[in-house]
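**Q** Have a look at the structure that comes next, please.
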């Protein structure tokens, strides 16, 4: 099932299902947000898919027109954005260590353990222990915090890089979409495409700056995929400048291309009690191995990022803009 949130002709928020052709969106009667629908499913003891499947459809919309007019919203939002936690894991894909390590040192094949960078060492731990088969947790992945719901934009919106940033590059990823129920149990609604959008120049200075480099906006959508996720997902990540593609590269995701299982990544995020607060929404980025920055690309304001994963529906498109800094040293005032 492919679900979107959008605004109709009267600018009223709606929830719709994208039909099999990908051309038409059928709006669900009386449904304004996926958050409300998910809460309704929990209260009724139904699955989200069963609830939506039984819901009547009352209007049809041209999907391409909704996308072109910037009317598609991120697939899940909390009514209070402060109760949406945006996080991620890195070094989870089988090619991700080489990309990361290249940012911090020259490649050195067949190095010994004591000469590995911390990135390569953590990646090796994931290869050796990220896919447990005995029912116990595997090795924990790298984890980072990005922000709350205020940083999330949908397809067609600009990704705003702060004026103090040294870079604003794309990261094409899967995003796990979750709602914590009243008992404190995380409930996965499904997955979406994401552009995790980070400052790779800042990160390259020192890996301890990774935390700073992640505190940026991100894009999620356009669709929520509620079915079983394929193990092998293949797509394209590209950058356009003035309408022309200046960089394009295939990327892969799904468990067949990862050194951690999704169960293991989810466990190590939700094992913390603070991440199981009833009613909260979680958007969790699952990592990538493909970055234009690693190929020497330096993006410019006005460039368009496009992340396409056909199995997940329509592509995610966003332009880069640079914001003026609205805070300066000395900006903290005594009370």
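The values are calculated or read from the model by the stated rules, or taken from the named source; none is laboratory data. Just so it is clear, the model here is predicted, and its values are computed rather than measured. Cβ sites come from the backbone with ideal geometry, for glycine too, and all protein chains shown count toward neighbours.
**Q** Tell me which residues, restricted to the range 233-252, are under 18 Å from residue 317 (Cβ atoms), in contact (Cβ under 8 Å) with a residue 40 or more places away in the chain and assigned to a strand (DSSP E or B). Outline the logic, then answer.
**A** As a first pass, look at the range 233-252 and keep what is under 18 Å from residue 317 (Cβ atoms): 235-251.
Those still in the list that are in contact (Cβ under 8 Å) with a residue 40 or more places away in the chain too: 235-242, 246-247, 249-251.
The answer is 235, 236, 237, 238, 239, 240, 241, 246, 247, 249, 250, 251.
**Q** Which residues, counting only those in the range 212-224, are farther than 26 Å from residue 300 by Cβ and either at pLDDT below 95 or in a loop (DSSP other than H, G, I, E, B) (or both)? Can you show your working first?
**A** Within the range 212-224, the subset farther than 26 Å from residue 300 by Cβ is 223-224.
The answer is 223, and nothing else.
**Q** Any residue in the range 285-295 that is surrounded by fewer than 16 Cβ atoms within 10 Å (Cβ to Cβ) and within 14 Å of residue 246 (Cβ to Cβ)? First the steps, then the outcome.
**A** The initial filter retains those residues of the range 285-295 that are surrounded by fewer than 16 Cβ atoms within 10 Å (Cβ to Cβ), namely 295.
In the following step, the residues that additionally are within 14 Å of residue 246 (Cβ to Cβ) were identified as 295.
Yes; the residues of the range 285-295 include at least one that is surrounded by fewer than 16 Cβ atoms within 10 Å (Cβ to Cβ) and within 14 Å of residue 246 (Cβ to Cβ).
**Q** Picking from 227, 221, 243, 254, which residue would you name as being more than 30 Å from residue 135 (Cα to Cα), in the same structural domain as residue 202 (by TED's automatic domain parsing) and surrounded by fewer than 23 Cβ atoms within 10 Å (Cβ to Cβ)? First the steps, then the outcome.
**A** Working: 227 fails: more than 30 Å from residue 135 (Cα to Cα); 221 fails: surrounded by fewer than 23 Cβ atoms within 10 Å (Cβ to Cβ); 254 fails: more than 30 Å from residue 135 (Cα to Cα).
Going through 227, 221, 243, 254 in turn, just one is more than 30 Å from residue 135 (Cα to Cα), in the same structural domain as residue 202 (by TED's automatic domain parsing) and surrounded by fewer than 23 Cβ atoms within 10 Å (Cβ to Cβ): 243.
**Q** Where residues in the range 38-52 are without any contact (Cβ under 8 Å) to a residue 24 or more places away in the chain and surrounded by fewer than 20 Cβ atoms within 10 Å (Cβ to Cβ), which of them is nearest to residue 84 (Cα to Cα)?
**A** Taking the range 38-52 as the starting set, the residues that turn out to be without any contact (Cβ under 8 Å) to a residue 24 or more places away in the chain are 40-41, 43-47, 50-51.
Now narrow it down to the ones that are surrounded by fewer than 20 Cβ atoms within 10 Å (Cβ to Cβ): 40, 43-47, 50-51.
On the way: 40: 19, 43: 20, 44: 23, 45: 23, 46: 23, 47: 22, 50: 25, 51: 23 Å.
Looking at the filtered set, the residue picked out is 40.
**Q** While we're on this one: Does the range 304-335 hold any residues that are buried (at least 22 other Cβ atoms within 10 Å of the Cβ) and closer than 18 Å to residue 216 by Cβ, and which are they?
**A** The answer is 305, 307, 316, 318.
**Q** Determine, yes or no, whether residue 179 is assigned to a strand (DSSP E or B), buried (at least 17 other Cβ atoms within 10 Å of the Cβ) and more than 14 Å from the chain's Cα centre (by Cα).
**A** In short, yes.
**Q** From 24, 12, which residue is outside the structural domain of residue 152 (by TED's automatic domain parsing), touching a strand residue (DSSP E or B) at 6+ places or on another chain (Cβ under 6 Å) and surrounded by fewer than 19 Cβ atoms within 10 Å (Cβ to Cβ)?
**A** Working: 12 fails: touching a strand residue (DSSP E or B) at 6+ places or on another chain (Cβ under 6 Å).
Step by step, each of 24, 12 is checked, and only 24 is outside the structural domain of residue 152 (by TED's automatic domain parsing), touching a strand residue (DSSP E or B) at 6+ places or on another chain (Cβ under 6 Å) and surrounded by fewer than 19 Cβ atoms within 10 Å (Cβ to Cβ).
**Q** One residue is enough: does the range 99-109 have a residue meeting the conditions modelled with pLDDT of 90 or more and outside any loop (DSSP other than H, G, I, E, B)?
**A** The first filter runs over the range 99-109 and keeps only residues modelled with pLDDT of 90 or more, leaving none.
Scanning the range 99-109, I find no residue that is modelled with pLDDT of 90 or more and outside any loop (DSSP other than H, G, I, E, B), so the answer is no.
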